[in-house]
1. Here are some residues: Pro34, Pro104, Pro53. Which one is under 27 Å from Met1 (Cα atoms) and out of contact with any Phe, Trp or Tyr (no Cβ under 7 Å at 6 or more places or on another chain)?
2. So, of the residues in segment 69-113 that are hydroxyl-bearing (Ser, Thr, Tyr) and crowded, with 23+ Cβ neighbours inside 10 Å, which turns out to be farthest from Ser33 (Cα to Cα)?
3. What about Leu97, is it modelled with pLDDT of 95 or more, within 22 Å of Asn9 (Cβ to Cβ), in a strand (DSSP E or B) and among the aliphatic types (A, V, I, L, M)?
4. I'd like to verify a number: residues in segment 51-68 that are within 23 Å of Ile12 (Cβ to Cβ) and open to solvent by less than 60 Å² (accessible area, probe 1.4 Å), how many?
5. Going by the conditions given, is Lys44 among the basic types (Lys, Arg) and buried (at least 18 other Cβ atoms within 10 Å of the Cβ)?
6. Given the residues Ala51, Ala5, Ala20, which is the only one that is closer than 23 Å to Pro112 by Cβ and touching an Asp or Glu at 6+ places or on another chain (Cβ under 9 Å)?
Amino acid sequence: MSWQAYVDNNLIGTGKVSKAAILGLAGGVWASSPGYTLSSDEQKAIIASFASPGTAQASGIRLAGQKFFTLQANERSIYGKKAADGCVLVKTKQAVLVTEYVAPLQAPEATPIVESLADYLIGVGY
């Protein structure tokens, strides 16, 4: 399956994720939903946040120009909130799944979708 198909079918296609991208840990966007653009500085900060979750916790996370307050951050997952909307970021062996959900969607709907795809990708070596 192509990386774009993971974004289109396994993330956006569920109806529980509004925007998504897959970033390579070595850099670059592997796939993204239409119009969802993460700047190179945002990409670097996202990847660095998994090495230093305390920084993400203290200063938040910026996605496509929008700042999210970090609710939880660790070496695997970062969860954020901006008003009624939120984000779920999950690191795999070689990539980071970056997703946003827009109200009325809520974290308990989006989080299992993103975490499950991450588990699958880790299981197949990515």
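The values are calculated or read from the model by the stated rules, or taken from the named source; none is laboratory data. Computed from a predicted model, the values in this text were never measured in an experiment. Here the Cβ is made from the backbone with ideal geometry for all residues, glycine too, and neighbour counts use every protein chain on show. SASA here: full protein model, heavy atoms, side chains in, ligands and nucleic acids out. Shrake-Rupley method; radii C 1.70, N 1.55, O 1.52, S 1.80 Å.
1. After ruling out the rest, the residue left standing is Pro34.
2. Tyr101
3. Yes: the conditions hold for Leu97.
4. 5
5. Judged against the criteria, Lys44 is not a match.
6. Ala20
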